[in-house]
Amino acid sequence: MAAQSRTTNDEHIKRIYTIQDIQKILSISRSTAYAFIRRTYENQAPFKVVRVGNSYRIVKESFDQWLDGGNTCRNLQDKPVPG
């Protein structure tokens, strides 16, 4: 029974972030968040981003590692965002 309860709890753990989540976490504007995630999706660096239709989803584990300094990140503002 404990294993079943644990599985149910694990299913509720958030595994992805939305762009709105990233905007709040990084305290950046909506347009900056979209530009940053678009560049990150194109490069798949410094963390993993998945596109579902017209929506972007950010892999939580990958983003959290980057935010905690686990992955090196080059300055993404050096590369212009395609329009």
Q.
What's the total number of residues in the stretch 9-41 that are without any contact (Cβ under 8 Å) to a residue 24 or more places away in the chain and of a type outside the set (Ser, Thr, Tyr)?
A. 13
Q) So which residues in the stretch 1-52 are at pLDDT below 95, loosely packed, with under 10 Cβ neighbours inside 10 Å and not charged (D, E, K, R), if there are any at all? A) Met1, Ala2, Ala3, Gln4, Ser5, Thr7, Thr8, Asn9, His12, Ile13, Val52
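Identify all residues within the stretch 23-53 that are touching a strand residue (DSSP E or B) at 6+ places or on another chain (Cβ under 6 Å), assigned to a helix (DSSP H, G or I) and under 17 Å from Asp64 (Cβ atoms); write none if there are none.
Ile37, Thr40
The values are calculated or read from the model by the stated rules, or taken from the named source; none is laboratory data. Because the structure is a prediction, the values reported are computed rather than measured. Using ideal geometry, Cβ is built from the backbone for each residue, glycine included, and neighbour counts are taken over all protein chains shown.
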